[in-house]
1. Report Rg (one decimal) and Dmax (nearest whole number) for the chain, counting Cα atoms only, units Å.
2. State, to one decimal in nm, how far the label point of Ala373 lies from the label point of Ser337, with both points 7 Å from Cα in the Cβ direction.
3. Taking the square root of 5 times each eigenvalue of the Cα gyration tensor, what semi-axes in Å does the equivalent ellipsoid of segment 62-197 have, largest first?
4. Explain nothing, just the number: dipole magnitude of segment 204-253 about its Cα centre with +1 on each Lys and Arg Cβ and -1 on each Asp and Glu Cβ, in debye rounded to the nearest 20.
5. Can you tell me the orientation of helix 305-320 relative to the chain, as the angle in degrees between its alpha-carbon axis and the longest Cα principal axis, to the nearest 10?
6. Report the relative contact order of the chain, percent, no decimals, based on alpha-carbon pairs under 8 angstrom and at least 6 residues apart.
7. Neighbouring Cβ atoms within 10 Å as the yardstick, rank Cys124, Cys102, Cys323 fewest first.
8. Sequence gap at least 6, Cα distance under 8 Å: using those rules, report the relative contact order of segment 231-378 to the nearest whole percent.
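Since every read-out is calculated from the coordinates, none of them should be taken as a lab result. Keep in mind the model is a prediction, meaning the values are calculated, not measured. Cβ coordinates were reconstructed from backbone atoms using ideal geometry, including for glycine residues, and neighbour counts include every protein chain displayed.
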Amino acid sequence: MAEGGISAAVIGGGIGGLSAALSLLGAGLDVHVYEQASEISEVGAGIQVSPNASRILHGLGLAEELAAMGVQPLAWHQRRWDDGRTLLRTPLGNRMVEAFGCPHYQTHRADLVSALLDAMPAHCVHVGHRLVGLTERDSRVDATFANGARANVDLLVGAAGIHSTTREVLLGPQSAHFTGCVAYRGLVPAELLRHLELEVTSEVWMGPGGHFVRYFVQSERLVNFVAIVEEDTWTRESWTDRGEIADALAAFEGWHPQVRSILQAVDETFVWALHDRLPLESWTRGQVTLLGDACHAMLPFMAQGAAQAIEDGATLAACLAGCERAEIPDALRRYESVRRPRATRLQELSAANKIRFHLPDGPEQEQRDAEMAGGSTDWSINAVAWLYGHDARLLPEQASAA
Ligand SMILES: Cc1cc2nc3c(=O)[nH]c(=O)nc-3n(C[C@H](O)[C@H](O)[C@H](O)COP(=O)(O)OP(=O)(O)OC[C@H]3O[C@@H](n4cnc5c(N)ncnc54)[C@H](O)[C@@H]3O)c2cc1C
């Protein structure tokens, strides 16, 4: 370990930034998180925490919190949009723990973020700090913030999401790509849906030009839904906006009554334009690197954006553990070389799922359904072993020796 400890600034207090900060603290670095907002919070929506991510969160000491806040679904249930026929049903719950050693959780985002925040030493988190510039000099990084504050550190990690300033400084301005999908999101009190007798499963309903996901969060008190439809353009200024429930219902006209009943029961819905980025050629320069949506924003159709951000932080910490200051650039290049292929693969698979999930009824859809019935694709336990069995805290040579 370098004398006095390597100092690191993590820009962004989202799931990626906070979990990376915890991983880096665990590796002995002196870490501070800088978040632009005046308080750290998350949107009112659910998030799936798959075993590749829960493994890392357990290692960070959050096993009890996850168990208290998370719902473990009994199964993935993929269904047809109109008649509700089962396309694939994969047991989860204990099967996930048996197969991968850690649970698959579904949680409220705000609960996850507050558990991460509570685990951080309070004096290491600085809200109201919007990064506006950075310069690298003599193996140090000087970060400047809109409020006039500065930080001079050995290492800067840009975890500021899809609009990341750090990425712009490193790679120049590049606009994010509108994927042609918008998502209506909402949370419905479970008691309002009691008459539907919903199973505690994670359901994905697939139909022409859209799909609908629903699962329970917060000790089964709330039902979270994400209703995705294809749209040619996004003309609104903001990427997220209050949505009209009537628009969501119109987009899901003709879908199964269960889907429509959930949409009808929501009080308010938000609509999100889903953007992604093409895989970047590089994430790192000198003492500066990126993680999470800042470098590999993806469609949410593998439910892996945040999980990959959590993995990034764990691998970054493994690369930096025991490093001397002079070794930081090599450690960051190593981090990028380990992480980039996996994140790129997930970006590509997520984009491919847009086509697979949204096939119009016809021969291709029939072939997809036959493959799913055979358990050879998608989220059958065998098909996801490469993803969920992965331990990002181990570098490849450690994983092969383990
Ligand atoms: C509909 C939908 C469903 C999803 N479902 C899942 C799922 O089930 N499972 C999953 O793993 N992923 C899911 N994702 C993806 C996941 O939400 C993102 O990948 C994840 O939140 C990215 O985390 P992040 O920390 O990289 O970025 P963000 O969450 O965007 O956090 C970035 C933070 O940086 C701050 N910031 C920005 N600019 C600055 C600046 N200049 N200075 C300081 N701070 C700054 C922001 O305020 C923010 O707090 C979903 C996404 C969507 C849209």
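1. Both quantities, over Cα of the chain: 21.1, 66 Å.
2. Modelled inter-label distance: 4.7 nm.
3. That gives 41, 21, 16 Å for the three semi-axes.
4. I would put it at about 320 debye.
5. It is inclined by approximately 30 degrees.
6. It rounds to 22 percent for the chain.
7. Cys124, Cys323, Cys102
8. Rounded, it is 19 percent for segment 231-378.
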